[in-house]
Every structure is written in structure tokens, then in C-alpha cells.
Amino acid sequence: MRRVESDITAPRAPASASGEPSGTTRGHGLLPGAGGITVTPAARSRGAAKPSGTSGHCGGASGRTVEDRAPSDLIYDWNELEPRSCSLEPPAVVELNDETLRDGLQCPSVRQPSLREKQEFLRQLPTIGIGAADIGYAGASAAAFDDVVELAKTIGEAHLAIRPNCAGRTHVHDIDPIADAQQRSGVAIDAALFIGSSPIRQWVEGWSVSALVQTIEKAVSYAVHAGLEVMFVTEDTTRARREDIATMYLAAAGAGATRFCISDTVGQATPGGVQQVVHFLSGVLDDHGFGQAAIDWHGHRDRGLDVMNALAALAAGAKRVHGCALGIGERVGNTALDLVLVNVALLGWKNVDLLNLPTYCRLASEMTGVPIPRNYPVVGEDAFTTSTGVHAAAVAKAYDKGDAWLADRVYSAVPASLVGRHQEISIGPMSGKSNVLYWLRAHGFDPTPERMGAVLEAAKHASHVLDDAEATRIAESAVPARGEKGLLV
Ligand SMILES: [Zn+2]
């Protein structure tokens, strides 16, 4: 395989379980060698490039301290741009890229799944409308590379409707393994090549934009010549300057990248900011003859805005959004792809069958050891359970009308049937007669006044919602009414 020039052939840094794939947190090897000129954020903001001494190394530029500059020199805040609004116009296209097997496994609390577990998880994706997946960081280790090859083979042999991709730095040592995996598996694998972009990152690493551009051009053209389709990714795009974003993405487009990913690497963006940056990049690409290129959105959930931001990105013109099952991922996680799916389905943006969504989430939980909280939306154990009297009364009345559609929606924004579940009514201190009546009937008991009274009395004095075993015991011990024939069958 052809090798590129020395400026992207520095020693490989293995991926780690902290930060984005490890190369991103190490300045070494990503940039041209020492001796260049670094344009510091402060100098750039004044429009004057100044030599900063040694470049291409991490640890801060030129010995100057961060106190020398204002926060706005280091962090460009797209959230502050006017208008600070978010439109949810239905998008023409909604595509999804699952990152569970790469970014998801960078969650600090996961256990690494076996290949068999990864394969089983991968097979679920097309059943719920996910058409692309990051199948790993091929350059991280020999074991990671082997898994990537096997997962790509799984996709090919089972004819899964999944377009795989692998993350890698703009570095030959990460590009070569992706090309090798594509060759060995016989399955096309997109190279998702990433590089830092924000001024705060440039400052910490001592990077210059001109050096970044050189690296991008060489790495992307190297990957293209190696037969890879390239998705160009900038990290921390949502805190990067407009001019830097334009320069870096146009360099990648000129070198042959066909897909462009905006990353909210630290979970900074608000929905308005998301739409600002998506509109900006789309305009830049359009103005320079790359208007047909696809834009991806890759978000994190540090501010809890992950799902809304993904929807905002789609509405602004991003064709594909990335995420992980259950939002598992780096730090507090990535965009929860399962909840994006639920929302695009409910908004009518994507016609998709979600009956297998609970299985997708369960497998993600089992293979990583990350539990699903009981109160997790849609797939959590409590998602469709109410013990509150007023709510239960409404659901029970709807069922009494013989209308399951009504019962599934009268107190639920997300119908349980969307994911193959049903509404449940439990009995607890906040319950009323409706809960008890519904529960007794649902569990085969004749709702005699004595039984109703005994269960309701016990529930009112309980410190918690009764589980089925407790409620059953109370119902069975209640004195039967005269003439009762016992349990209903
Ligand atoms: Zn990420």
C-alpha cells in the first residue's frame, strides 16, 4: 500500500477508553513536524499571525498562559448567534449511524463485549431502521482490527442492510487498518477520519490551522487512493470558528471526502446553535460546488440536549445523525439513538417499525454491563406503568370502552404499542379504586368489595408500589364475599 509523506506517519497512538479515540488527545503525530508557525487564538482574533516557538506539540503554545486571552478567543459559541431559534421543519431524509460499538465502548463504565455479542447486536440494527454503523476503531489494536474484519464479514455474509464505517485519525496508521479491513472482509468500509478544530483545542495542542489543513489534504487523499470512501469529521465543531470550519471542510472536500460530519464532541450545543452550524457548513459546501455532499451530526449529552439536538440537525439539513443505544458513550454518553428513533417515528419523519427497539436496547445493556434505569424513556421498566389513581382511572375507562388505541394514548405521549409493550396499572399509596379494580381483573381475581377494600387499604399504608407478589398475597387472603366462586380463570 502506498504510504504518504512523513507528516502523517508519526508513531501510532493506540485508542484508549478515555476521551475520543486516543489520537485525539495526543498532539503527536497528527501534524507536520516542528519548525512551523503556530497562529495562536489570540493572534488570530487580532488578525495577526505570530510565531509561537515550537509547533506541533501539545501542552500549550509558546509558554503563554491562558490568562492572556478571553474565553471568546478559545471557544466560538454558535449558540449565541442570532436568531436563537430552532425550527423543526420535517427533513427530506433521516438516516441513522449507530456508534455503540465504537464511541459507546468509550463509556467509562462499560465492559468490552465479545465478538459474538457485537455480532448479535449488529444484526438488530436493520430491524429498527438503522442503516449505518461504526464497527470499531480498527487502528486501536490487533484485537480491535480482528473484530472489525469479522463484523464487516458478518454484514456481508448475512446481507445486512448496514453501511459500516470505522473511526480513525487523519493519520496513515489509522487509515491503513481500515483499508486492510475492507480488503480482508470484502465489504466496503467508510473511513470516518477526524481531527480537532476548535480554538481551545488548537491552543492546548499548539496547532495551526494551516498545518491542520495540510494534514487533512494528505490524509484524505491517501485514504481515497487506498480505495476508501471518506467521511471527514472535525471534533468540537460546535466550538470552532466559522473560518476554520470552512477552511478545513473545503480542504477535505477538495481531497475527495464525500460525507462531512459535524461533532458536538463535548455536548456544548443548544438546538439553535446546532442549526446555525449545520446551515453554515451546508452553505459553504454549496457555495463551492459540494452541495450534494451529505452532512452528518454527531452529538453528546453533557447538557442533556442530545436528542433534541439530533432532531434540530435533521431539520436543518443534516442527512444522518449518530448515536448509541441507551446513550451509552464517552463521559455521560452520546446521543441516545433509541430515543431519536422514537421521536422521528412520532414526528412522522421516518416510517420505521420499532417493535424490536427493546431488544436492541436490552442487548446493548447486556453486552456492556450498563443497566437500563427503570425510569428510562420507552424501554425502561416503568415507562408505561402508572400507580396514580387519576391516571389509572382514565386508562381503565378507555379500556372499558373497548378501545385499545385510546387506552394507549390517554395518559401516554408515547404509545406502548409502538415498541410492542402495553400500558400497566400498578397499586401504591397514590392509587385509587380504579387501580385496584383494573389490577384485580388483569390478574384473574373477582373484584369483590372485600378484596377491593383489603388491597386498597394495604396500598394506602404501604411505603411503595406493591409488586405483583404482594398484591396477590393480599388479594388471596381477603375474606371472600358470600357466594363468590373464587378466582376467575
Ligand atoms: Zn463522540
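Each peptide in 259-267, 322-330 was scored by the mean count of other Cβ atoms within 10 Å over its residues; highest first, the order is 322-330, 259-267. The length gained by stretching the chain between K433 and N79 to full extension, at 0.36 nm per residue less their Cα-Cα distance, is 122.5 nm.
A dipole drawn for region 385-477 from +1 and -1 charges on Cβ atoms has a positive end, and of G389, T472, I427 the residue lying farthest that way is G389.
In terms of other Cβ atoms within 10 Å, Y376, Y137, Y222, Y76 run from fewest to most in the order Y376, Y76, Y222, Y137. The residues packed around T237, meaning those with a beta-carbon under 12 Å from its beta-carbon, carry a net charge of -1 if Lys and Arg are +1 and Asp and Glu are -1. Under 18 Å from the Cα of K350, which aspartates and glutamates turn up, not counting those fewer than eight places away in the same chain? By straight Cα distance, K350 reaches E89, E95, D98, D296, D338. Here the spin labels are modelled as points 7 Å beyond Cα on the Cα-Cβ line, and at A404 and A70 they lie 6.2 nm apart. The radius of gyration of the Cα set in region 175-334, together with its Dmax, comes out at 15.3, 43 angstrom. Ranked by the mean number of other Cβ atoms within 10 Å per residue, highest first, peptides 275-281, 367-373 order as 275-281, 367-373. Summarising the overall dimensions of region 273-379 from its C-alpha atoms, the Rg and Dmax are 15.2, 49 angstrom.
Remark on N97: its backbone amide H falls under 5 Å from those of V321, H322, G323, a criterion applied only to residues 5 or more positions apart or on other chains, H modelled at 1.01 Å from N. Per the Kirkwood formula applied to alpha carbons, region 385-477 shows a radius of gyration over Rh ratio, Rg over Rh, of 0.97. Spin-label model, S210 to A462: label points 7 Å out along the Cα-to-beta-carbon direction sit 7.3 nm apart. Overall size of region 296-345 from C-alpha positions, given as principal axis extents largest first: 28, 17, 15 Å.
If the Kirkwood radius is taken over C-alpha pairs of region 79-368, then at 4 °C and 1.567 mPa s the Stokes-Einstein diffusion coefficient equals 69 µm²/s. Would any residue of region 226-256 have its amide N under 14 Å from a label point 7 Å out along Cα→Cβ of R303? List them or say none. So the set is 237-240.
Taking other Cβ within 10 Å of each residue's Cβ, how do W78, W349, W405 sort, fewest first?
W405, W349, W78
Just so you know, all these numbers are worked out from the coordinates, no wet-lab data involved. Everything numeric in this text was worked out from a predicted model, so none of it was measured. Cβ atoms come from the backbone with ideal geometry, glycine included; neighbour counts cover every protein chain shown.
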